[in-house]
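Let me begin by presenting the structure, written as structure tokens, before commenting on it.
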Amino acid sequence: MDRIGVVDTMFARYDMGSEAVDELSSCPGFGTRFETVRRTVPGFKDLGVAAKKLIQEEGCKAVVALGMPGRAPIDKACAHEASQGIMLAQLMTNTHVLEVFVHEDESDDPEILAAVCRDRSRKHARNAYWLLYEPDQLVRRAGQGVRQGFTDAGPVLTADRA
Amino acid sequence: MDRIGVVDTMFARYDMGSEAVDELSSCPGFGTRFETVRRTVPGFKDLGVAAKKLIQEEGCKAVVALGMPGRAPIDKACAHEASQGIMLAQLMTNTHVLEVFVHEDESDDPEILAAVCRDRSRKHARNAYWLLYEPDQLVRRAGQGVRQGFTDAGPVLTADRA
Amino acid sequence: MDRIGVVDTMFARYDMGSEAVDELSSCPGFGTRFETVRRTVPGFKDLGVAAKKLIQEEGCKAVVALGMPGRAPIDKACAHEASQGIMLAQLMTNTHVLEVFVHEDESDDPEILAAVCRDRSRKHARNAYWLLYEPDQLVRRAGQGVRQGFTDAGPVLTADRA
Amino acid sequence: MDRIGVVDTMFARYDMGSEAVDELSSCPGFGTRFETVRRTVPGFKDLGVAAKKLIQEEGCKAVVALGMPGRAPIDKACAHEASQGIMLAQLMTNTHVLEVFVHEDESDDPEILAAVCRDRSRKHARNAYWLLYEPDQLVRRAGQGVRQGFTDAGPVLTADRA
Amino acid sequence: MDRIGVVDTMFARYDMGSEAVDELSSCPGFGTRFETVRRTVPGFKDLGVAAKKLIQEEGCKAVVALGMPGRAPIDKACAHEASQGIMLAQLMTNTHVLEVFVHEDESDDPEILAAVCRDRSRKHARNAYWLLYEPDQLVRRAGQGVRQGFTDAGPVLTADRA
């Protein structure tokens, strides 16, 4: 059976990992074609190596990596480093690792922030499934301004596509 | 038959991938000397590994990677990370991956933005073709201030070249 | 016997390495299941390669890397480079290296700064132990806003988790 | 016969590559001990992989990589990425790739800008030659504030060296 | 006999390499246990690959890499890239490369700047020696706020260590 990895952090202020795991469990083939493997690390700088271990030691064919950068300037620099680690993990393994970051300053309203966490975690979990099993779902939406967390931006020109 | 890869994103607000595929299909040797392979990924941070997979798993000899960074400061940081991934994909494979990014803030006019998307996507698709099959086209234009998306800047000195 | 590495710097203004070593010596299995190996390097840019050597030459299964970036802008840039080195050390070895940085400008009060050094060094030493021997401790705290150095931030929504 | 690579861009507004090739052709041993190989790529982000290909596929023992970053902030970010690619190309091949960047905002006067392009391209071409065949020329100038493009800065202390 | 590498630049405005070589020649075991190998490169972006070559082609067990970033903003970006190259050289070889950068804006007084160059070059040369042959010298100074170039900062708390 294939495996899809999910790794999140203790640092985040919303349990994004459980959302991703739950979404994947509702995708076609869950339990027959693929299963999920979950890990939690201290902070988002630990996500890169954790994702790489899920791929190379646990045999995951894709990974969803979730984190929540804080509001301070130093958090932005750290998020950049964390992203570089996730990027490297992908390039060293030829495997997609979907980065799901919700920045704490995306909203001052905890309800909205929680909703962003839920939506973005679930949509990227679905993207991981699509990348592995239904890539045409992605091609069909090419250039359509698709977003995760908030509503889609849509295409620049309304009548853009034939 | 050789293969040239094209990978774009759902995040972009213009279907840049189709422009690149269409341009390549008008280049000499299309269908006989080379064919195209298209992929779409969620966002531009997924382009690096997708390009590397096109090269190493699908046998592409060059890749055109297209994306559209948004207007927010965080989008600039992400674009930087996406670029680093594309850079690494090239260096790890000794294969050119032409980065085609149209920044959403290059114009406030959707018509102009769409025109930039079209022109830049097509010109870099043509550059990919040149790199593989007509490298002299590039040498001939060395230092000529050639641009994609907007008009050429031209050389610094008009009577520069002998 | 397993080994956990601890590497700190002469540049730091608090002996963070000793705190980490001491904390690890109070974890279950110390002296029977695992032992510690300590190194000190000049500055935090030397931590990355030192951590990698601890893993590949001394057989450490995890490393705690501790440093104290100064207050000047140049120190921030250097901290970024140091972090990238620690990130690379992890990805090149599939081994967790917990970065424990206390920025000198986190407090103007030396007593508070020392307390942050103690708390963060010890908590991340404990995290290293958890990653190796009790990973469920981490999963249990996923998304709970856990912090090191200062008090936990807690989850965004109080009644977030079922 | 040894080979020294020269790679420049269509984006640049001065034909820097021809200057470098011409300078190398005036160095001792040209045509007997070494020859030059020239390539042109679309923009400076393509220099890294092009240099690496010159080294690994064309057998070049050193490469001169020339580009001209534009005036906009985005150009600075791109120049940074281009530099990282050139850096990686060197480290992955144990071969010097001399980065010759002339920033378009170094002068508003086209004549001066062209002069900077000429001087910097030629001096770094000469440096490539020195690195391979006359390394003592470099040691002799250690710490002397040697510049390319503009006049030398000289040492901090006039009577510095014994 | 072991070898310790020293590499500096023509760009620097003080002969830092000679200071490092001289300091190493005064360390115990010079000429019997270890010797020095010196190289000079054009600028600090050439230090990374030069250090890696000293390690992998000349057999150096540690390297001291010295440079002097200028005052302009572009110099800061370049220093960052140079540092990343030195970082990579270390991680790809499991060998310490001590980065010794003196920023030209550390002082407006040439005498002070020269003194910083001397002190920092010599202290890091000594650190390279310690890393190889007397690592306990470093552990003994862990967290003591040791500096190179200027006076030590000392520990945060005077009575910090037992």
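The values are calculated or read from the model by the stated rules, or taken from the named source; none is laboratory data. For clarity, every value in this text was computed on a predicted model and none was experimentally measured. Cβ: placed from backbone, ideal geometry, glycine included. Neighbour counts: every protein chain shown.
Taking the stated definitions as given, is A:S18 more than 8 Å from chain C (Cβ to nearest Cβ), polar (S, T, N, Q) and either touching a Lys or Arg at 6+ places or on another chain (Cβ under 7 Å) or surrounded by fewer than 22 Cβ atoms within 10 Å (Cβ to Cβ) (or both)? Before the answer, list the steps.
Numbers: more than 8 Å from chain C (Cβ to nearest Cβ): no; polar (S, T, N, Q): yes; either touching a Lys or Arg at 6+ places or on another chain (Cβ under 7 Å) or surrounded by fewer than 22 Cβ atoms within 10 Å (Cβ to Cβ) (or both): yes.
Here the answer is no, as A:S18 does not meet what is asked.
Tell me which residues, restricted to region A:94-118, are within 14 Å of chain B (Cβ to nearest Cβ) and hydrophobic (A, V, I, L, M, F, W, C).
Across region A:94-118, the qualifying residues are A:V97, A:L98, A:V100, A:F101, A:V102, A:V116.
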Given the criteria under 30 Å from C:C78 (Cα atoms) and facing chain B (nearest Cβ under 7 Å), does A:L91 qualify?
yes
- Item | Condition check for D:E134: farther than 19 Å from E:P42 by Cα and among the acidic types (D, E) | no
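Suppose we keep only residues that are facing chain B (nearest Cβ under 9 Å) and closer than 29 Å to B:E58 by Cβ within region A:76-88. Which one would you say is surrounded by the fewest Cβ atoms within 10 Å (Cβ to Cβ)?
Our first condition is that a residue be facing chain B (nearest Cβ under 9 Å); within region A:76-88, this holds for A:76, A:79-80, A:83-84, A:86-88.
Checking the rest, the ones that are also closer than 29 Å to B:E58 by Cβ come to A:83-84, A:86-88.
On the way: A:S83: 27, A:Q84: 22, A:I86: 29, A:M87: 25, A:L88: 25.
For region A:76-88, the residue satisfying everything is A:Q84.
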- Determine whether region D:146-153 contains at least one residue that is without any contact (Cβ under 8 Å) to a residue 40 or more places away in the chain, part of a helix (DSSP H, G or I) and away from chain E (no Cβ under 11 Å). no
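Among B:I112, B:I74, B:I55, B:I86, which is of a type in the set (V, I, T) and at pLDDT below 95? Before you say what the answer is, go through the steps one by one.
Details: B:I112 fails: at pLDDT below 95; B:I55 fails: at pLDDT below 95; B:I86 fails: at pLDDT below 95.
On inspection, the qualifying residue turns out to be B:I74.
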Exactly one of C:Y133, C:Y129 is out of contact with any helix residue (DSSP H, G or I) (no Cβ under 9 Å at 6 or more places or on another chain) and either closer than 14 Å to C:A20 by Cα or touching a residue at least 40 places away in the same chain (Cβ under 8 Å) (or both), and that residue is C:Y133
Restricting region A:48-71 to residues that are of a type in the set (A, V, I, L, M, F, W, C) and more than 10 Å from chain C (Cβ to nearest Cβ), the one nearest to C:H96 (Cα to Cα) turns out to be A:L54
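Return the residue satisfying two criteria in turn: it lies in region D:119-145 and is among the polar types (S, T, N, Q) and more than 8 Å from every other protein chain (Cβ to nearest Cβ), and of such residues it is farthest from the chain's Cα centre (by Cα). Even if it seems obvious, please write down each step before you answer.
Step one: list which residues in region D:119-145 are among the polar types (S, T, N, Q), which gives D:121, D:127, D:137, D:144.
Of the ones still in play, those that are also more than 8 Å from every other protein chain (Cβ to nearest Cβ) are D:121, D:137.
On the way: D:S121: 6, D:Q137: 17 Å.
Across region D:119-145, the extreme among qualifying residues is D:Q137.
Just name the residue that is surrounded by the most Cβ atoms within 10 Å (Cβ to Cβ) out of those in region A:2-13 that are in a strand (DSSP E or B) and over 13 Å from the mean Cα position of the chain (by Cα).
Within region A:2-13, the subset in a strand (DSSP E or B) is A:2-9.
Now narrow it down to the ones that are over 13 Å from the mean Cα position of the chain (by Cα): A:2-3.
Working: A:D2: 14, A:R3: 16.
That would be A:R3.
Which one of E:E23, E:E19 is in contact with a Leu (Cβ under 9 Å, 6 or more places away or on another chain) and at pLDDT 95 or above? Step through it out loud before you land on a result.
Working: E:E23 fails: in contact with a Leu (Cβ under 9 Å, 6 or more places away or on another chain).
One residue alone meets the criteria, E:E19.
Taking into account only those residues within region C:70-114 that are over 30 Å from A:Q90 (Cβ atoms) and among the small types (G, A, S), which is nearest to the chain's Cα centre (by Cα)?
Of all residues in region C:70-114, those over 30 Å from A:Q90 (Cβ atoms) come to C:70-75, C:102, C:104-114.
Still in the list and also among the small types (G, A, S): C:70, C:72, C:107, C:114.
On the way: C:G70: 17, C:A72: 22, C:S107: 19, C:A114: 15 Å.
Out of the qualifying residues, it is C:A114.
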Answer with yes or no whether E:T40 is farther than 30 Å from C:V21 by Cβ, hydroxyl-bearing (S, T, Y), at the interface with another protein chain (Cβ under 7 Å from one of its Cβ atoms) and out of contact with any His (no Cβ under 8 Å at 6 or more places or on another chain). yes
